[in-house]
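Novice: Here it is, the structure in full.
Each value in this text was obtained by applying a stated rule to the coordinates, not by laboratory testing. For clarity, every value in this text was computed on a predicted model and none was experimentally measured. Cβ atoms come from the backbone with ideal geometry, glycine included; neighbour counts cover every protein chain shown.
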Amino acid sequence: MAAIELRNVTKKFATADGGTYTALKDLSLTVEDGQFCAVVGPTGCGKSTTLTLVSGLELASAGQAVVHGQPVRGVDTSTGFVFQQDAVFPWKSVLDNVAAGPLFRGTARPAANGLARDWLRRVGPAGFEDRYPHQLSGGMRKRVALAQTLINQPRILLLDEPFSALDVQTRAIMSTELLQLWDQTRPAVIFVTHDLEEAIALADKVVVITAGPGTVKAEFDIDLPRPRVVQEIRFDPTFVRLYGQIWEALRDEVDEAYARTTTLSTVAS
Amino acid sequence: MSETPLRTDLPAAAAPAAAPTTPPDPSPSRRRRGGRRRLALAAARTAIVVALLTAWQVGVATKVVDPFFWGEPTGVWDQLVTWITEGTPQGSLAEQIFVTLEEAVLGFVIGVVLGIVFGIALGRVQLLAELFAPFLKVANSIPRIILGAIFTVAFGFGIQSKVILAVVLVFFGVFFNAFQGTREVDRNLLANARLLGASPWRVTREVVLPSAFTWILASLHISFGFALIGAIVGELLGADKGLGLLIRSSQNNFSMNGVLAGMVLVAIIALVAEALITVLENRLLSWRPPQFHGGAAVE
């Protein structure tokens, strides 16, 4: 049984002017247990929408999202979600942020704090437990967000361009750390990104989504050996070959999406 | 009138409450320059007050201003001294202040609690908002001071009618801010809390409430003023004690100095309350980055 299955899902949103906007159309995607799947596509192709459907934050307009054989009917707390923007609670200290999950799930305060300390040690240097999020760097805030999600030991981990706001070096470091963390519990992952290099470096499988309405254009298996070091893997000949193949599929979609934004902006101006 | 003692309370009230990690102290020279600037500001403010009062007093002395209608600073001062040393016609001054404060504080607290509860409930539950929004809009459009006349008749000359008027005045400001604050909570934070396993009640308590507090606290500054207005107007309409009654009976005796002295007392209460609310605000919002502290922009 697959961990995550999207079966011919379509997602439409109502727009402000009374029309509908189709974000996803007839999209099918399967992620096996313990598999790391990266979803790439041009801006605005509905990549993130796939995550909201799997998490139950939104329900599909047609088709079905299935997690571990069960259709998704609402928010499922066995799913972990790391958001693109900061979603750590700004009024809670780092420790309280990480302990939030266990506390929400009924763990007693001392036990939750113990767990939180343990996970903070795993994601980064200790000693910033009493800080507020605004006192941390972007990379540190992402580490806190990761710890906050992973502490619940989700069987499904959804990541929505989690490192897109970070600088290039921090991003590579964080990606390597993410792989190490993932390796400890091996949840099924969907990692949404527009960065093909990041996708190949991290994933077992890369899925290319078409320019909106999004549907699967092609899937590629990434047979690079693990454990991987993201900073170095891009020089591997297999990496280079895969990059060439996948870029071939992605290029048309990126061109298409870019052409649309430029025409739109011409109209707007 | 000495200048410095009058202003020494200001820096203490305006300084943000110490956050867990205060940024490193600015260099001594910078701090001294900041201190000197504050002193200069305080002196300039005092000078403005002194100039206005002097002009007023001179106006009275030269018969440009009629003290029968407009009072005079020395008269106001004498009235205050008389009230403090000999008491007012309706009892000691402390008692009048206490009664008015009691009404205002009770009205403030009840109004704020009701406003927050209703604001968040309607902000969170779409059906409640749809059901009650028209009623609240109508209620809000009524000039609420008029209700004071009804309350005085219905609840009598005691503090009850004043407290209720203050509650009504405070409620709407807090309610609309709490409502809007609830609506504007970051959707990512809500989604995150739900996925982390929070029940709707915990989402409300741990995400919506702290997030809406920025809005609610902003409304508290105005709300205490409203509570005070409620108490004073209630007393003007009919009471057996309080500052409003003091002002009213001064007016009936054609003592403008008495009316103005009452106003001075009300202003002092309002300023002290404002300072206390600022302290509370800085304490509750210490998690925010320093540049967002409301108090910092003042100095």
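Novice: Return the Rg/Rh value of the protein assembly as shown, two decimal places, where both radii are evaluated on C-alpha atoms and Rh is the Kirkwood radius.
Specialist: Rg divided by Rh gives 1.11.
Novice: Take the alpha-carbon positions of segment B:29-179, form their convex hull, and give its projected area averaged over all directions (one quarter of the hull surface) in nm².
Specialist: 15.8
Novice: What net charge do the residues around A:Ala165 carry, taking every other residue with its C-beta under 12 Å from that of A:Ala165, with Lys and Arg at +1 and Asp and Glu at -1?
Specialist: -1
Novice: Antiparallel DSSP bridges in the protein assembly as shown: what percent, to the nearest 5?
Specialist: The antiparallel fraction comes to roughly 50 percent.
Novice: With contacts defined as alpha carbon pairs under 8 Å and 6 or more residues apart, what's the relative contact order of chain B in percent?
Specialist: The value is 27 percent.
Novice: Count, for each residue of B:200-211, the Cβ atoms from other chains sitting within 10 Å of its Cβ, then give me the mean as a whole number.
Specialist: Across the residues of B:200-211, the mean count of other-chain Cβ atoms within 10 Å is 2.
Novice: Based on the inverse mean of 1/r over its pairs of different Cα atoms, what is the Kirkwood hydrodynamic radius of chain A, in Å?
Specialist: Mean inverse Cα-Cα distance, inverted, gives 19.4 Å.
Novice: Work out Dmax and Rg for segment A:88-153 from the C-alpha atoms and quote the Rg first, both in angstrom.
Specialist: 10.5, 30
Novice: May I ask you to list the residues of segment A:99-115 whose amide nitrogen lies under 18 Å from a point 7 Å from Cα along the Cα→beta-carbon direction of B:Arg205?
Specialist: Correct set: A:99-113.
Novice: Sticking with this one: Relative to 2.2 N^0.38 Å, what does the C-alpha radius of gyration of segment B:139-280 come to as a ratio? Two decimals please.
Specialist: 1.37
Novice: Go through A:150-160, B:162-172 and give me the packing order, highest mean Cβ count within 10 Å leading.
Specialist: Final packing ranking: B:162-172, A:150-160.
Novice: Under the definition of partner shielding as Cβ atoms of other protein chains within 10 Å of a residue Cβ, what is the mean value for peptide A:128-136?
Specialist: Mean shielding count: 3.
Novice: Quick check: the angle from helix B:159-183's long axis to the longest principal axis of chain B, C-alpha only, nearest 10 degrees?
Specialist: So the helix axis and the longest Cα principal axis differ by about 40 degrees.
Novice: May I pose another question? Below 13 angstrom from the Cβ of A:Pro71, what's the summed charge of the other residues (Lys, Arg +1; Asp, Glu -1)?
Specialist: Overall, the nearby charge balance is 0.
Novice: Also, quick follow-up: log₁₀ I(q)/I(0) of segment A:1-158 at q = 0.17 Å⁻¹, via Debye over equal Cα point scatterers, no solvent, to two decimals?
Specialist: At q = 0.17 Å⁻¹ the computed log10 ratios are -1.02.
Novice: Using amide H atoms built in the peptide plane, which far-off residues or other-chain residues are under 5 Å from A:His68 H to H?
Specialist: A:Ile4, A:Glu5
Novice: Roughly how crowded by other chains is peptide A:83-93, in terms of the mean Cβ count from those chains within 10 Å of each of its Cβ atoms?
Specialist: 6
Novice: Continuing with this model, one more query. Distance between Cα centroids, segment B:82-160 to segment A:14-83: provide it in whole Å.
Specialist: Here the two parts' Cα centres lie 50 Å apart.
Novice: Shifting gears a bit: As a quick test, which of the pairs A:Lys47/A:Lys217; A:Lys47/A:Lys142; A:Lys47/A:Lys205 have an alpha carbon distance above 18 angstrom in this structure?
Specialist: Beyond 18 Å: A:Lys47/A:Lys142.
Novice: May I pose another question? Using only Cα atoms and rounding to the nearest 10 degrees, what angle (0 to 90) does helix B:73-86 make with the longest principal axis of chain B?
Specialist: 80
Novice: What value does segment A:122-202 have for Rg/Rh, both radii from Cα atoms and Rh as Kirkwood defines it?
Specialist: Reported Rg/Rh, Kirkwood definition of Rh: 0.94.
Novice: Quick check: net charge around A:Thr215, other residues with Cβ under 15 Å of its Cβ, Lys/Arg +1 and Asp/Glu -1?
Specialist: +1
Novice: To the nearest 10 degrees, how steep is helix B:93-124 against the longest Cα principal axis of chain B, on a 0 to 90 scale?
Specialist: 20
Novice: Along its three principal axes, how long is chain B when you only count alpha carbons? Whole Å, largest extent first please.
Specialist: Principal-axis extents of the Cα atoms in chain B, largest first: 74, 62, 31 Å.
Novice: Compare the peptides B:51-63, B:175-187, A:36-48, A:214-226 by average per-residue count of other Cβ atoms within 10 angstrom and give them in order, highest first.
Specialist: Numbers: B:51-63: 12.9, B:175-187: 19.8, A:36-48: 23.8, A:214-226: 15.2.
Packing proxy ranking, top to bottom: A:36-48, B:175-187, A:214-226, B:51-63.
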